[in-house]
Structure formats: C-alpha cells, structure tokens
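Peer 1: The structure that follows is given in the form of structure tokens.
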Amino acid sequence: MSEHFFSVRDEFRRARDRTAAIEREYGAVDSYYELDEIQLIHRYDEMHEVEQWDLFDEQRQMVAFISKALLERIEHKITPSFRRQLEQEAQLTNEPEEVTWVN
C-alpha cells in the first residue's frame, strides 16, 4: 500500500516539476531575441523533447506556443548560409549516403 502511495506522490511531483519548467520557459519567450542561432536551436530541441511528455491540454498549448515562438525567432535570426548548412545536414540525416562496395 505504501509503495503505491509513494509512486502517486512521485508522479504528482514530476507533474508539478514539468508544469514549473514549462511555465519558466513560457516566461522566457521574450528573452529569445537575445539568443543566437545555436542557443535557439538547442532550446527548440529541448521543447521538442518536452512535446513527447504526457502533458495536460494547457501544458501542451503552452509548449506549442513556445515552439512556435522559437521557430519564428530562428527563422528571422539565421543567416542564409547557416540555413543552407542546416538544410544540407538535414538532407544527409534524412537520406543517408548509399554504400558502394568495392571488390
């Protein structure tokens, strides 16, 4: 019985911690203008991981808002050359090179 109580309590703490983390990031949206491209991309990657969590509807809406704000800031911040580099890396990731066997 007590094991169940601790697991419920731990789950409640995790949910509360998740909410606090999302709310902190939500409050930091205005600071995105101060970040460089790499920092923005790292933040976006972190938010993408958060999207995979089991979230309440309100949390999911906040995460969607944060992700959208990050994407808009990334779009305005990155230079054309950096954009090309990202597109090339994405293409290589999505389409791995074919292996040619030499006899």
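The values are calculated or read from the model by the stated rules, or taken from the named source; none is laboratory data. Since we're looking at a predicted model, the values are computed, not measured. Only protein heavy atoms, including side chains, enter the accessible area calculation; ligands, DNA and RNA are left aside. Shrake-Rupley method; radii C 1.70, N 1.55, O 1.52, S 1.80 Å.
Peer 1: How large is the helix-only mean residue ellipticity at 222 nm for the chain, computed as the sum of -39500 (n - 2.57) over DSSP H runs with n ≥ 4, divided by its residue count, in deg cm²/dmol to the nearest 500?
Peer 2: It comes out at -25500 deg cm²/dmol, rounded to the nearest 500.
Peer 1: What number, in percent, do you get for the relative contact order of the chain if the mean sequence gap of Cα pairs under 8 Å and at least 6 apart is divided by its residue count?
Peer 2: RCO, the chain: 30 percent.
Peer 1: While we're on this one: When the accessible area of the chain is computed with all protein chains present and a 1.4 Å probe, what percentage of it is carbon and sulfur?
Peer 2: Carbon-and-sulfur percentage of accessible area, whole number: 52.
Peer 1: Order E87, E51, most accessible first, counting only protein heavy atoms with a 1.4 angstrom probe.
Peer 2: Heavy-atom accessible area, descending, gives E87, E51.
Peer 1: Next up: When averaged across all projection directions, what area in nm² does the alpha-carbon convex hull of the chain cover?
Peer 2: The orientation-averaged projected area of the Cα hull of the chain comes to 11.4 nm².
Peer 1: Going from most exposed to least, what order do H42, H76 have by accessible area with a 1.4 Å probe?
Peer 2: H76, H42
Peer 1: Let me ask another. For the chain, modelled as a GNM with alpha-carbon contacts under 10 angstrom, which of A64, A90, A28 fluctuates the most?
Peer 2: So, out of A64, A90, A28, the one fluctuating most is A90.
Peer 1: Could you sort D36, D30, D17 by their accessible area in this structure, using a 1.4 Å probe and putting the largest first?
Peer 2: The most accessible residue leads, giving D30, D17, D36.
Peer 1: Ok, one more. Any idea of F82's accessible area? Nearest 10 Å², probe 1.4 Å.
Peer 2: Near enough 40 Å² of accessible area.
Peer 1: If you don't mind, another one. With all protein chains present, calculate the accessible area of R73 using a 1.4 Å probe and round the result to the nearest 10 Å².
Peer 2: 40 Å²
Peer 1: May I pose another question? Helix 2-27 against the longest principal axis of the chain: what's the angle in degrees, Cα atoms only, rounded to the nearest 10?
Peer 2: Compared with the principal axis, the helix lies near 50 degrees.
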